[in-house]
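Some notes on the structure that comes next.
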Amino acid sequence: MSQDKMHPIYISHAWGGDSDIIVEQLVRRLEQEKLPYILDTRDLNYKQSIKHFMLQLGKADSVILVISNKYLKSEFCMFELVQIYKNENLHDRIFPIVLEEVKISKSSDRLEFVKYWEDQLEELHSKLRELHSLSYLDGITEDLNLYTEIRNNIAKLTGILRDINTLNIRIHKESDFMPLIGAIRQRMGILPSEEQREPVLTGSGPVRKRIRSSHYLFALMIIALGLWAWFIISRTGSTPTTGKLSQSDTSRTSAIQVNPHGVDAGAGSKQSSDTGFQVAEPLQTGHMVTNRKPADHRGNLSGHAIAEPGKVESPVVQNAFSKPEASEPEVKSSTELSKPAPMPGRREPLTAHIPKGTLLYVQSREYLSSEDEAKNPRVVRFALSEPLMSGKEQLLPAGTPVQAVIKSARPSQFKRTGSIELVFSFVEAPDGQRIPLESNDLQLVGERDQPMEIPVGRTIRIKTSKSYDLKY
């Protein structure tokens, strides 16, 4: 693969200390190997958006993580790690280097990081309670949501890092990062050079060994067996071969057209202008061949060889028991034929329309009371108690954050019941999309002369305030 076609490798790290030394050594090795990389201190220019850079890093095909204690306690670094996690295939895309100072092997060690982010979240909540108004706090509420997201995922993410054999940092240094470079090359589909093949790691450092001649002999035997099997099959005619159909084949085969979308157009139909593929398929006596296997994205039918593009010279033999087609088969338009077949395993982004008035169930994540002496208005935590579904597709999972604000609270006194004036603002999707909710105030009043209380887990029904197209 040429260098200009390679996906660049992003490097995620916390500035300062041993991380900078490791990154400096890594950059030198990547440049020696002519592997393209992106580093914030080099590629993030003046006045560029830091958040946009981190979002691009989260989508990157390959990311080197230099994990330190400072990394796991940095909101910027953890934002990058959460974004990588959200974009799936985390294990395949990350290449972690964990410094010796990081202790995540025990559950008690990982709980220390959970507690750290729990404290950070509580401190932010405490500062918000001291404010007289929360009308213009969009940036602060984003940080609140980020801290909540980090707190909710830090145990899982450190558990994933613990499960990966990241090798000791000493081994990385002594081997000049050869295991890491080899893994990245494999991810990119690049063959290693001769001196990089088969590294063996020992206590004194890497030892290179040549590929033994027995390996070559074994590979040659496999190739010879494959050629021999191909020769036997082609001579016996047990499998159709590529090229023109022989006269003897016409007595037992029928021509089937394949378009780029894998649709069987039937005998006698026109060739696809995109592929021109024609597939020879055995004709079964006594019944028609139906429900054939669909073509893959190259136009192949599973289990059948592809004949040469162009006109089939042998006549089409129809089954004696089948009736001729009443009309010509439908021919796809040139616009439809020009559409590329979707890559297997990938799904195009979809848009779901959420109509105005869609009913949602939200659940309190903290205890609320009209007797609370905290200053209002203030942001309080709610989340979806049930996932938002569109058929069988899950648009928003349970636990998705919901922003709510207590505008005012009146305590119960002098035989007066307590009340809470609550406003719901929006549901925030995992990728930052905000679905607006009804802003009508909910006047929650306690029974008789009792306080109004909302325990943790209390479910409240709320509706969307306008139509919204959610991309997922």
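The values are calculated or read from the model by the stated rules, or taken from the named source; none is laboratory data. On a predicted model such as this, the values are computed, not experimentally measured, just so you know. Ideal geometry is used to build each Cβ from the backbone, glycine not excepted, and the neighbour counts take in all protein chains shown.
Miscellaneous remarks
- The residue of region 359-376 that is farthest from the chain's Cα centre (by Cα), among those that are hydroxyl-bearing (Ser, Thr, Tyr) and either crowded, with 20+ Cβ neighbours inside 10 Å or in a strand (DSSP E or B) (or both), is SER370.
- Checking region 39-49 against the condition returns no match, with no residue being among the charged types (D, E, K, R), surrounded by fewer than 19 Cβ atoms within 10 Å (Cβ to Cβ), in the same structural domain as ARG185 (by TED's automatic domain parsing) and touching a Lys or Arg at 6+ places or on another chain (Cβ under 9 Å).
- Summed over region 430-450, the residues that are modelled with pLDDT of 85 or more and surrounded by 15 or more Cβ atoms within 10 Å (Cβ to Cβ) give a count of 4.
- Residue match in region 38-60 (condition: of a type in the set (Lys, Arg) and more than 29 Å from ASN152 (Cβ to Cβ)): yes
- Single unsatisfied condition, ARG162 versus (1) buried (at least 16 other Cβ atoms within 10 Å of the Cβ); (2) at pLDDT 80 or above; (3) under 27 Å from LYS51 (Cα atoms): (3)
- Residues located in region 12-46, provided they are over 13 Å from VAL66 (Cβ atoms) and part of a loop (DSSP other than H, G, I, E, B): GLU33, LYS34, LEU35, PRO36, LEU44, ASN45, TYR46
- Contact map, region 179-202: first residue closer than 16 Å to LYS34 by Cβ, second residue modelled with pLDDT under 50 and of a type in the set (Lys, Arg), Cβ cut-off under 8 Å, separation 6 or more or different chains; pairs are GLU195/ARG208.
- Residues of region 377-398 that are closer than 26 Å to GLY139 by Cβ and surrounded by fewer than 16 Cβ atoms within 10 Å (Cβ to Cβ): PRO397 alone.
- Annotation note: Cβ proximity below 7 Å between a residue of region 30-46 that is under 19 Å from HIS172 (Cα atoms) and a residue that is of a type in the set (A, V, I, L, M, F, W, C) and at pLDDT 90 or above (sequence gap 6+ or interchain) occurs for LEU30/ILE9; GLU33/ILE181; LEU35/ILE9; LEU35/ILE184; TYR37/ILE9; TYR37/ILE11; TYR37/VAL27; TYR37/LEU30.
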